[in-house]
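Peer 1: One structure, pasted below without further comment.
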Amino acid sequence: MKKLMLMCNAGMSTSVLVKKMQKSAALQGIEIDIWAISETDFEKNWRNADAILLGPQVSYMKDKVDQAVGAIPVDVIAIVDYGRMNGEKVLAQGLQLLENK
């Protein structure tokens, strides 16, 4: 099963988005493990991920995260999709990231 990790400042708003992404995945019959973390939990969690999506509020960390994780693909969630909590679109972004791995 593919594993997609989302990271934001505190992990709270991203947790809401994760629930919407999980619902969208279930409706589409997609098996994927999706979870959210705060930036302070990054070091404990990144090795469990096949791909990482960053919330727009931590987009400044993308280069640092890229360097830390090596071959694991990293992207920043589109700010409009994040703001609207569009689980379907963010799931599609995550799946695309996983395909390009």
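Peer 1: Relative to the present Cα-Cα distance, how much length would full extension add between Asn100 and Ser38 at 0.36 nm per residue of separation?
Peer 2: 19.8 nm is the gain from fully extending Asn100 to Ser38.
Peer 1: How many percent of the accessible area of the chain is carbon or sulfur, using a 1.4 Å probe?
Peer 2: Solvent-exposed carbon and sulfur of the chain make up 51 percent of the total.
Peer 1: Taking the dipole about the Cα centre of the chain, with the C-beta of Lys and Arg at +1 and of Asp and Glu at -1, give me whichever of Val16, Gly55, Ile77 is farthest to the positive side.
Peer 2: Farthest towards the positive end: Val16.
Peer 1: Give me the dipole magnitude in Debye, nearest 20, for the chain about the Cα centre, with unit charges on the beta carbon: positive for Lys and Arg, negative for Asp and Glu.
Peer 2: 200 debye
Peer 1: Straight-line reach from Lys20: which aspartates and glutamates have Cα under 15 Å away, leaving out those fewer than 8 places along the same chain?
Peer 2: Glu31, Asp33, Asp81, Glu88
Peer 1: Hey, could you pull the Cα Rg and Dmax for the chain, both in Å?
Peer 2: That works out to 12.1, 35 Å for Rg and Dmax.
The values are calculated or read from the model by the stated rules, or taken from the named source; none is laboratory data. Quantities reported herein were computed from a predicted structural model and do not represent experimental measurements. FYI the Cβ positions are ideal-geometry reconstructions off the backbone, even for glycines, and counts take in every protein chain you see. We work out accessible area using only protein heavy atoms, side chains counted, and drop any ligands, DNA or RNA first. Shrake-Rupley method; radii C 1.70, N 1.55, O 1.52, S 1.80 Å.
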